[in-house]
1. For a quick protection proxy, order the peptides 208-214, 103-109 by their average other-Cβ count within 10 Å, most packed first.
2. Taking a ≥ b ≥ c as the square roots of the Cα gyration tensor eigenvalues, with a/c under 1.5 meaning rounded and otherwise prolate when a/b beats b/c, else oblate, which class fits segment 70-132?
3. Go through 78-90, 327-339 and give me the packing order, highest mean Cβ count within 10 Å leading.
4. Could you pull the Rg and Dmax for segment 296-341, using just the Cα atoms, both in Å?
5. What distance in nm separates the simple spin-label points at Ala87 and Asp16, each placed 7 Å from Cα in the Cβ direction?
6. Using amide H atoms built 1.01 Å from N in the peptide plane, name the residues 5+ places from Ala80, or on other chains, whose amide H lies under 5 Å from its own.
7. Tell me, how many Å apart are the Cα centres for segment 299-344 and for segment 129-160?
8. Karplus couplings for segment 243-252 from phi (6.51 cos²θ - 1.76 cosθ + 1.60, θ = phi - 60°), rounded to Hz, Gly and Pro as x?
Amino acid sequence: MQTEVARTDTELVTNDTVREAVGLLQQGDVVALPTETVYGLGADALDPDAVEKIFKAKERPHFDPLIVHLPNKTAIEKVAEIPDEIAKPVRQLVETFWPGPLTIVLPRKPIVPDIVTGGLPTVAVRQCEHPIFHRIIRNFDGPIAAPSANLFGKISPTSAQAVLDQMSGRIPLVVDGGACARGLESTIVKIIPGENKPTIEVLRPGPITEVDLKKFGKVVFPQKNVDVEESAPEAPGMLANHYAPATPLRLMEKPEDFVPESGTRYALLSYRGQPKDGFIDLYPWDEVAVLSPGSGRVAEAGIRFFHVVGQLDQLNVDEIIAEPVPDRGVGKAILDKLRKAAVK
Ligand code: TXA
Ligand code: MG
């Protein structure tokens, strides 16, 4: 299969592209689409044969469920049940963060095929903020199942080129909507009713942070070390060994922990690129890539993370040594990915 890339730089091209993408979705095919987080691989969420093509293209195990993207806020009622006990916080989260990078796990409705939820009694839903995605889903007028457009376990793509690098020949179309504004996958939450206020369990940290969420409930980060071998974990994005570049990657908590082996070529993934952090001058690195040049802002590091790791991965060094980033805000999501990338 030849993979076409549809550029979307002019209004005219965009109209043709939207039509083409919607046509493919309607005929039960998969299309790579830009979102504000990472590129997604979309298909008609209500058509099990179409969704099967996503699993095939990604080589994804069937126990790992997909996120359902909604054409509008009210479509949530079509695919999910909203229990009365959590109706208020769900409404507040939807009103505050949609369209945007927040995915909510809710009891599913029978209309959602088993293949989408991996047989779980729940469905993960979000409304995407990207204008091109928005136009496509509005014209398609139905829910779109879309995981990140990478091969299972590999790093997520934040540009059309990064999609092609992994998906060329596997899918008919990549809609190029430019670089993703957030660069990290959506925050996934589950809401547990509480006496005074609900608990918001963060199943996957992402661009919507603890500070953003805590107005709406008690925020907790359950520490579940789900293993790849287990079936149907609650959020298999929490699987160990995920987001891995081909090059081995190690998160180095402290500069003193680094003991280089002779004859080994190392690249440094630096947070701020500043000598005072203790990593830059530690070793004559083959390459140094900086996540947040100068400013040291976790949000910037998040936007650049997958892109920069992807670039380092092309260099054929023996190992990537990653500096830690601050464990706050979007930094939590970056650390989560670094820890998973580092699992052998
Ligand atoms: O930002 C995003 O969320 C991107 C864009 C494309 O929307 N999508 C994305 O999808 O990251 P994916 O499939 O790569 O990650 C979805 C995660 C998986 O870890 C999956 O296990 C989890 O969501 N998930 C899906 N349904 C779930 C459910 N019912 N309960 C718990 N976790 C679920
Ligand atoms: Mg993914």
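A short reminder: the numbers here are calculations on the coordinates, not readings from a lab. Everything numeric here is computed off the predicted structure, so don't read it as measured data. Note: ideal-geometry Cβ built from the backbone for every residue, glycine included; neighbour counts use all protein chains shown.
1. 103-109, 208-214
2. Oblate, since a/c reaches 1.5 and b/c is not below a/b.
3. Packing proxy ranking, top to bottom: 327-339, 78-90.
4. 10.8, 32
5. 4.9 nm
6. Lys109
7. Answer, in whole Å: 22.
8. Coupling constants for segment 243-252: 6, 8, x, 5, 6, x, 10, 10, 8, 9 Hz.
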